[in-house]
Structure formats: structure tokens, C-alpha cells
1. List, in order, the whole-Hz ³J(HN,Hα) value for each residue of region 95-111 obtained from phi through the Karplus relation with A = 6.51, B = -1.76, C = 1.60 and θ = phi - 60°; use x for Gly and Pro.
2. If each residue of separation counts as 0.36 nm, what is the full-extension length gain between residue 16 and residue 321 once their alpha-carbon separation is subtracted?
3. Take the Cβ-Cβ distance between residue 227 and residue 166 as r, set R0 to 30 Å, and report the resulting FRET efficiency rounded to the nearest 0.05.
4. Test of understanding: extend the Cα→C-beta vector of residue 254 to 7 Å, then name every residue of region 281-299 with backbone N under 14 Å from that spot.
5. Sorted by average packing, counted as other Cβ atoms within 10 angstrom per residue and highest first, what order do 132-143, 182-193 take?
6. Between residue 56 and residues 5 or more places away or on another chain, which pairs have amide H atoms under 5 Å apart, with H built 1.01 Å from N, and which residues are they?
7. Here are a few candidate values for log10 I(q)/I(0) by the Debye sum over Cα atoms at q = 0.07, 0.13, 0.14, 0.15 Å⁻¹: (i) -0.34, -1.15, -1.29, -1.42; (ii) -0.26, -1.00, -1.19, -1.39; (iii) -0.43, -1.23, -1.31, -1.38. Which one was actually calculated from the structure I just gave you?
8. Under a 10 Å cutoff between Cα atoms, tell me which one of 78, 40, 194 has the largest fluctuation in the Gaussian network model of the chain.
Amino acid sequence: MTWSDQGQGHSQDSQDSIERLVLPGVLTAGQAARTVAAIAAAQRPDGAIPWFPGHHLDPWDHVEAAMALDAAGEHERAGAAYRWLARHQNSDGSWYAGYQDGDPERPTDLGRESNFCAYPVVGVWHHYLATGDDAFLDRMWPQVYAAVEFVLALQQPGGQIGWKREPSGAAVTDALLTGSSSVHHALRCALAIAEHREEPQPDWELATGALGHAIRRHPERFLDKSRFSMDWYYPVLSGALRGPLALERIEEGWSRFVVPGLGVRCVIPNPWVTGGESAELALALWAVGESDRAVRILADIQHLRADDGLYWTGYEFQNREMWPVERTTWTAGAMLLAVAALGGDEATTAVFGGERLPDGLPPGCC
């Protein structure tokens, strides 16, 4: 499938989906089409989606971009992204943390990070919900199963998930709240896939329940990364926190991380707002019923938008300059997913709303 610079030549499904990506004050139909076209233009013929052409690919951001393509109706392109993952999964169920320009023969980081290896499961479920393609789900089930087993081998007695395996195979048992929250989301999607296939996975249910309990009740089980905005909103974005606890967490961090009119800081105290974190916060806000604030955040970061439809990674507001000098597919992907949720895209709302995702089984004790 080819795209012109104006984003023409796409399918009727894509045209209909792009209309749902219109958000007044944030994106017009033409702007949404250019953003989708820019992500598509960065995708390699083998389906890989690097950060930008010539840069590296990591599995998590590759999936975020693929999910945005599905939200835009570009299901063939998204399917190619998942086929890339299926072809290049390691024998232990993992993927490497980085590949040069998405070339599977040129890994740049031989570490295998738990959240990177789990997140493809979220994308697989999202693609199924977007397409209804049972044959796709059947083909991907072995990859889903292997990825979940790899990740759960890193789970610690307290429920938290160790960060990664080193290239040597040694497990890093320290756990990150953001990473573990992302894994929790992936496990819930894995349980939904297993339930759909009528293949119960009681061990996964127990692991998911224990992890969710650790995220909600035991911050001491995770490394202290509270300076980073992702540690603030990710338990909400992932669905581990909902209701009053989620709203309390959002309020607690708002004044520390949100820079009115500019977006969300990546890390305190740096004078730097980033598009990806801002769009993900908007998605978390939508998930807990704060849609007005979500739209405001998305409107605030349109200063990061470039003419080609992509978004600059961040803005250093003390020196008033874009930094780093790069426009990434995953930043654009996060923006489109947030807009898709606000626009009611069914697959995106199901995956990030989480009401129909299994919760796992609560642990018997703390």
C-alpha cells in the first residue's frame, strides 16, 4: 500500500478511521492523515517500524506505532509489524532491547527487558479487536505464550517483575514501577486472549493478581523512580489503578509534572516536556473519565508537531529549543492512540479502558 505526501490512496477502512481521529483543537482529518502517512513511510518493507529511518527499533515502541496504524485502519501495515515480531522472536520467548534500523541481524542491545517482551501481547489483542481476525490470533498464540512465560520467569516473590535479563542470561531482579505496570497490562491482555481461545492459564491469573497487588499496595518493592512522570501516571494508564485511587494519584502529581500550555515533564526538575509522555498521560486521563483534561494536554503539545505530521520528541523550555532533534514514530503513535480513545475507537477503548480485561486472581496475603 502506498501513500502520497497528502496521505491519499488509503483504504475505505482507513478513510473511515481517520475521520474518527479528528479532534477539534487537536487534529483535523488532514493532519491525522499526514501523521498516519508519516508513520507508514518509516515502516520498512519487512514490517519493522524504527523510531525513524536509520535509527533503532525497540519492541515496545514498534508495537505502539503498529497500534496507531490499526487505529487508523491500516490493518495490513499493522499486521506486517506483528509478523516481523513473530519471525524474530528469540527461542526463549524474548526480543532484544534494540535493533539497528529494525534489522534483525543487527541487534544493538542484547539485553531482554521484561516490559519490552510483554508489550507485543497488548498489540496482538488490539489488532485482533480491530480486525476480528481469528486466524491471526491463532498464528500469534505461540509467540504470546512464549513471551508471557519469559516475562513471568522474572517475577519476584512479592509479585513485581524483574527488569530484564542481561545478555549473559543473568536475571536483573530489581523492578521498575513503570515497566511492571506495563507488564500488568500485557498480562491482562494475555488472559483475554487465552479466555477467547478457551485455553485457561491459571498460573497467569495468579501472577497477574500478585503483580497488580504489588503495584497498588507495595511501592517499596520497586526502585524509586518517582522523579519520572511515567512512574506517576503509568499505574493508571495500565489499568492497575482505577477509581478513587487513580484520581488521587493524578491529582498528587499534577502540579509537579504538568507545565501548563506546554505538556508533561519527562523528569523532575529538568525543564523538558515530551510528546510521548504527554500523549500517554492524556490516554490515562481519558481512562479515568477526565476527557476534558486529556484534550487540553493534547492541544498543549501541538507545538511539537512538524509539517510532515510527526512530532518532535521534546521541547527544552528553558532554552526554547526542540530536543533531541528527532521526530519519532512512537511519539506520533501515542498521539494517535490518545485521540482514538477520545474518539471512541472500539479496539483502543477496549484495550486501554480495561473494563473487559480479566483482572487475574488476588493473592491470598500481602
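Every number in this text was worked out from the coordinates using simple rules, so none of it is lab data. Please read these numbers as outputs of a predicted model, since none were measured by experiment. Every residue, glycine among them, receives a Cβ derived from its backbone with ideal geometry; neighbour counts consider all protein chains shown.
1. 10, 6, 6, x, 9, 5, 6, x, 7, x, 7, 10, x, 9, 9, 7, x
2. Details: separation 305, 0.36 × 305 = 109.80 nm, distance 3.62 nm.
That works out to 106.2 nm of additional length.
3. Calculated value: 0.75.
4. 282, 285-286, 288-297
5. 182-193, 132-143
6. Here the answer is 51, 101, since their amide H atoms fall under 5 Å of that of residue 56.
7. So the calculated entry is the one marked (ii).
8. For the chain, modelled as a Gaussian network with Cα springs under 10 Å, the answer is 194.
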